[in-house]
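Inspection log for the structure reproduced underneath, given as structure tokens.
The values are calculated or read from the model by the stated rules, or taken from the named source; none is laboratory data. Computed from a prediction, not measured in an experiment: that's the story for all the values here. In this analysis, Cβ positions are derived from the backbone assuming ideal geometry, glycine residues included, and neighbour counts consider all displayed protein chains. Just the protein is used for accessible areas: all its heavy atoms, side chains included, with ligands, DNA and RNA removed. Shrake-Rupley method; radii C 1.70, N 1.55, O 1.52, S 1.80 Å.
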Amino acid sequence: MPIALSGDKQKRGGMSGKRIGVYPGTFDPITNGHVDIIERGTKLVDHLVVGVAVNAGKNPMFTLEDRAAMVAHELEALSSGNGCTVEVRPFETLLMKFAEDVGASLILRGLRAVSDFDYEFQMAGMNARLNDVIETVFLMASETNQFISSSFVKEIGRYGGDISSFVSPNVHDRVTAALK
Ligand code: ADP
């Protein structure tokens with residue numbers, strides 16, 4: 001092929017022909033809402049990289065390693081059944097740089113309520129300026145998982161509330177232990 005545009009290649013998922021997606025987040029900790037989005041994401045790509053951002057500015061409750069380990073634990077239980085492979089990778093760079101490094105053509109983000117929109121809109125817009133070949137795609141969780149947020153999970157946990165319907169048993173135990 002005489003002309004191989006690198007952007008074109010990336011659109012088709014790099015040389016391997018695989019469509020790769022990145023689902024970035026803080027995952028402090030991973031909730032059933034995140035897992036819902038991951039499961040939906042597996043329908044859109046051949047390989048999904050769950051990117052755990054260091055996000056020191058958010059002052060996370062769990063270390064990057066712990067957050068990634070909790071994500072990895074959830075992924076073990078995941079049976080996408082549609083041939084998509086999923087892996088977890090911590091990252092400390094700019095999201096777009098990370099997406100380029102893993103050869104992604106899609107960035108997946110979840111939308112909960114109108115309140116998420118402003119931030120997500122700005123992020124998608126700025127990221128599109130940095131790289132207009134990688135598309136940001138928004139997904140909604142099921143009705144039962146839509147309202148779940150990591151910050152409320154931590155807050156409810158802090159006050160001794162029951163978080164078991166928002167997170168997996170593993171995350172439940174990790175949050176309980178961290179709050180002791
Ligand atoms: P970030 O700090 O990047 O927002 P989060 O871990 O809070 O990281 O969220 C990662 C992504 O998952 C975001 O796009 C967020 O909107 C989405 N998300 C989180 N919880 C839910 C949920 N319950 N339903 C749908 N999307 C969600």
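When the Cα atoms of segment 94-159 are aligned to their principal axes, the ranges along those axes come out at 43, 21, 19 Å in descending order. Each Cα pair under 8 Å and six or more residues apart adds its separation to the average, and for the chain the resulting relative contact order is 28 percent.
Two numbers describe the Cα atoms of the chain: Rg and Dmax, which are 16.7, 64 Å.
Return the subset of Lys43/Lys154; Lys58/Lys180; Lys18/Lys154 for which the Cα-Cα distance in this structure is over 32 Å, preserving the input order.
Working: Lys43/Lys154 30 Å; Lys58/Lys180 21 Å; Lys18/Lys154 37 Å.
Pairs exceeding the cut-off: Lys18/Lys154.
Exposure here means at most 15 other Cβ atoms within 10 Å; with GluC sites (Glu not before Pro) in a DSSP loop as sites, the longest stretch of the chain lacking them is 1-91. Mind listing which chymotrypsin sites (Phe, Trp or Tyr not before Pro) in segment 66-151 are in a DSSP loop and have 14 or fewer other Cβ atoms within 10 Å? Hits after loop and neighbour filter: Phe147. In this structure, Tyr159 and Lys97 have a Cβ-Cβ separation that, at R0 = 41 Å, corresponds to a calculated FRET efficiency of about 0.60.
Taking every Cα-Cα distance in segment 64-132 and sorting them into 5 Å bins from zero, the calculated P(r) comes out as 3, 12, 18, 19, 22, 18, 7, 0 percent. I'd like the carbon and sulfur percentage of the solvent accessible area for the chain, probe radius 1.4 Å, heavy atoms only, ligands and nucleic acids excluded. For the chain, the apolar C and S fraction of the accessible surface comes to 54 percent. With R₀ fixed at 35 Å, the C-beta to C-beta distance from Phe152 to Lys43 puts the FRET efficiency at about 0.80. Under DSSP H, which helices of the chain have Cα atoms covering 18 Å or more of the helix axis and a Kyte-Doolittle average no less than -1.0? TM-like helix candidates: 64-77, 114-130. The label-point distance for Glu120 and Glu65, in a model that sets each label 7 Å from Cα toward Cβ, rounds to 3.3 nm. Each label point was placed 7 Å from the Cα along the Cα-to-Cβ direction; for Ser142 and Arg89 their separation is 3.0 nm. With the simple model of a label 7 Å out from the Cα in the direction of the Cβ, Glu76 to Arg112 spans 2.7 nm.
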